[in-house]
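Below: one structure, written as C-alpha cells.
The values are calculated or read from the model by the stated rules, or taken from the named source; none is laboratory data. In this text, all values refer to a predicted model and were calculated from it rather than measured experimentally. Because the Cβ atoms are built from the backbone with ideal geometry, glycine has one as well, and the counts that use them run over all protein chains shown. Just so you know, the surface numbers come from the protein's heavy atoms only, side chains and all, with ligands and any DNA or RNA stripped out. Shrake-Rupley method; radii C 1.70, N 1.55, O 1.52, S 1.80 Å.
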Amino acid sequence: MGAIHTSDIIYATLSQHGREIAAYRFSGMTTMTDLLRQIRNAAAGCIGLVNVRLRNSTQGWTLARSLMLAPTAASVQLSLF
C-alpha cells in the first residue's frame with residue numbers, strides 16, 4: 001500500500017456475509033485513520049463484521065481488511081414482550 005494524498009480518489013466497498021452492502025467514494029484524506037473514520041461515519045447503519053476493500057484509483061493500489069462496526073451511542077434497541 002502506498003501513501004494517501006489529498007488529491008487521491010479512494011473507493012471503499014463494504015460486504016457482509018458475501019453480499020455487497022455499501023460502496024463509497026472518498027477524497028481529501030491524508031491518513032488511513034482519516035479514511036477509516038469516514039468509512040465508519042458513512043456506514044453508521046451497518047453493524048457487525050464487514051469486509052472492506054479499498055482501491056486507490058489514483059495510485060493504483062488495493063487493500064482488503066475486515067472491520068468491526070458497532071452501533072453508535074444514539075442507537076437504541078427496543079424489545080417488545
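Pull up all non-local amide H partners of residue 21: gap of 5 or more, or a different chain, and H-to-H distance under 5 Å with H placed in the peptide plane.
For residue 21, the qualifying residues are 14, 15, 16.
Looking at [x] 138; [y] 107; [z] 97, which value of volume of the Cα convex hull per residue in Å³ comes from a calculation on the structure shown?
[z]
When ranked by the protection proxy of mean other Cβ atoms within 10 Å per residue, highest first, what sequence do the peptides 21-28, 46-53 form?
46-53, 21-28
So if R0 is 25 Å, what FRET efficiency would residue 79 and residue 21 give, r being the distance between their Cβ atoms, rounded to the nearest 0.05?
0.50
With a probe of 1.4 Å, find how much accessible area the range 9-69 has per residue, and write the answer as a whole number in Å².
Solvent-accessible surface per residue comes out at 60 Å².
For the Cα atoms of the chain, what angle does the longest principal axis make with the long axis of helix 32-42, in degrees from 0 to 90, nearest 10?
40
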